[in-house]
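The values are calculated or read from the model by the stated rules, or taken from the named source; none is laboratory data. Because the structure is a prediction, the values reported are computed rather than measured. Cβ coordinates were reconstructed from backbone atoms using ideal geometry, including for glycine residues, and neighbour counts include every protein chain displayed. To get the accessible areas, we keep the full protein, side chains included, count just its heavy atoms, and leave off ligands, DNA and RNA. Shrake-Rupley method; radii C 1.70, N 1.55, O 1.52, S 1.80 Å.
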Amino acid sequence: MKPWYDAREILIGGQWRRTSATLPVENPSTGAEMAEIARGTAADIDEAVAAAQAALAGEWGSTTAAERGRILLRIGQMVAERAGELAAIEAADVGKPLKQARADALALARYMEFYGGAADKVMGETIPYLSGYTVYTLREPHGVTGHIIPWNYPMQIIGRSVGAALAMGNACVLKPAEEACLTALAFARIAEQAGLPPGALNVVPGLGEEAGAALSSHPGIDHISFTGSVQVGSLIQAAAARNVVPVTLELGGKSPQLVFADADLDAALPFLVNAGIQNAGQTCSAASRILVHRSRHDELLTRMAERYTQLQVGPADADLDLGPLISARQKEIVEGFITQGTDLECAATGRIVDQAPKGGHYLPPTLFAGAAPDHVLAQQEIFGPVQVVIPFDDEEQAVQIANGTDFGLVAAIWSADGARQMRLAKRLRAGQVFLNNYGAGGGVELPFGGVGKSGHGREKGFEALYGFSVLKTVAAHHG
Ligand code: ADP
């Protein structure tokens, strides 16, 4: 597959150019090097921030909200038309099965459509005040927004973060993850072709500790959004704090699905398993804990185990249930967790198919039972295809276990009892609660973000437009 862009280039102020150093790109399905990307430096970030500032002072800054919307809609349309190509690039780069990569490309298109349609519908208000005054509010862009994104869902995260930021008139500097930059570069080409003015979107691939650190600590940045690990998120918040820059952090979780005695297991089962193994478990909102009423525990475990034994792991282009993990390092981390589960019951594993290339980072999905709620596998984010099933005796205990980690991103309640659903939706510590369904990563329209170590701020949905803007109050005294 010959890409229509040069992966070694960075985009600054509408100019594509090479950097002196490059980084290798590995295909996780084979372990072979498939491309090279630019290794952006702090100097490149300086230039990108200056280009974004110039865009705000120039054409992009004077573009009307309606015109910004039209540009985003055009981008969305072009992304949808090229979804197959984008999916092939993403599948090769990240190792995700083609159907998942295609869903990601279509989600990116949908984000552009959603934020394109919303761009001219963000309004201020008038506020009753003293006699002789008129007071109103304006929603204005922050200015230059920095976007540091991870490798697990590059297209979706570009969509939700860059899409909302552009809709509000910010100029973006995007630092994709060093493991997965290719669709960010392809997206920037499409945006350019769709008429996005120069400097509105700048893309600088590079290492986290170089380009990423330079971006998060840059005094010219007015807002930073980050999706990734807790460890790096706290570094980014500290770096931004020195410049008193607001941050949005989405840092993952240990999300539970609660299955009550009256749950419809037939309906729940696909959600219980898929939300754990989607993208090989490398999903912030993976449902890595299944909490089940003791009366249904054995039945649920048997049925989940049955499904697990059918799961196939193989190369992205074979389009099976799971692809490889992103890297040898990630595989080692996840295997490290699995070895800490030797005191648990391994209820089932999936199967790596025979044709999986030897150099790929394949790991069979693993289902554990018998974990105490404070077991390391029930507490820490594994970021791999591992789920634990934990029994509970009553509603109160279910809530205690569900809320008993450092995280709070997503939760689900499976029950036929409407009153229980309402009661628990309020008590669960999570940014999103699903009742009799589970939307790992889904829902362009749905505000998304966490509490606790899952982060703060909201992306996705209309709410993100508030996060990517600043409220100004104008008080006029006219007598
Ligand atoms: P993971 O551990 O899953 O790779 P990270 O949180 O390390 O996730 O990476 C997410 C993003 O953060 C990537 O784009 C990465 O380059 C970037 N990053 C990593 N370290 C830093 C850092 N010190 N400062 C800024 N960005 C960083």
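Structure notes:
- Residue-level analysis places Arg70 outside the set of residues that are more than 28 Å from Pro197 (Cβ to Cβ), without any contact (Cβ under 8 Å) to a residue 60 or more places away in the chain, part of a helix (DSSP H, G or I) and open to solvent by 30 Å² or more (accessible area, probe 1.4 Å).
- Of all residues in segment 218-229, those that are open to solvent by 10 Å² or more (accessible area, probe 1.4 Å) and within 8 Å of the ligand (Cβ to nearest atom) total 3.
- Among the residues of segment 345-390, those that are open to solvent by 30 Å² or more (accessible area, probe 1.4 Å), part of a strand (DSSP E or B) and not hydrophobic (A, V, I, L, M, F, W, C) comprise Glu345, Thr349, Arg351.
- Evaluating Gly212 against the criteria (1) more than 14 Å from the ligand (Cβ to nearest atom); (2) within 21 Å of Glu26 (Cα to Cα) leaves one unmet condition, (1).
- Screening Gly206 on (1) surrounded by fewer than 23 Cβ atoms within 10 Å (Cβ to Cβ); (2) in a loop (DSSP other than H, G, I, E, B); (3) within 15 Å of the ligand (Cβ to nearest atom); (4) small (Gly, Ala, Ser) shows it passes everything except condition (1).
- The single condition among (1) part of a loop (DSSP other than H, G, I, E, B); (2) open to solvent by 10 Å² or more (accessible area, probe 1.4 Å) that Arg420 does not satisfy is (1).
- Among the residues listed as Thr183, Thr137, the single one being part of a strand (DSSP E or B) and farther than 17 Å from Ala54 by Cβ: Thr137
- The residue pairs whose first member lies in segment 74-102 and is modelled with pLDDT of 95 or more, whose second member is among the basic types (Lys, Arg), and whose beta carbons are closer than 8 Å, counting only pairs six or more residues apart or on different chains, are Gly76/Arg110; Ala83/Arg102; Gly84/Arg102; Ala87/Arg102; Glu90/Lys96.
- Test: residue in segment 167-179 that is more than 21 Å from the chain's Cα centre (by Cα) and more than 14 Å from the ligand (Cβ to nearest atom): yes
Residue-wise test of (1) over 26 Å from the mean Cα position of the chain (by Cα); (2) touching a residue at least 24 places away in the same chain (Cβ under 8 Å); (3) not in a strand (DSSP E or B).
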residue	(1), (2), (3)
Gly253	no, yes, yes
Gln257	no, yes, no
Asp262	yes, yes, yes
Asp317	no, yes, yes
Arg329	no, no, yes
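- Odd one out for Gly404, checked against (1) assigned to a loop (DSSP other than H, G, I, E, B); (2) free of Cβ contacts under 8 Å to residues at least 40 places away in the same chain; (3) open to solvent by less than 10 Å² (accessible area, probe 1.4 Å); (4) not charged (D, E, K, R): (3)
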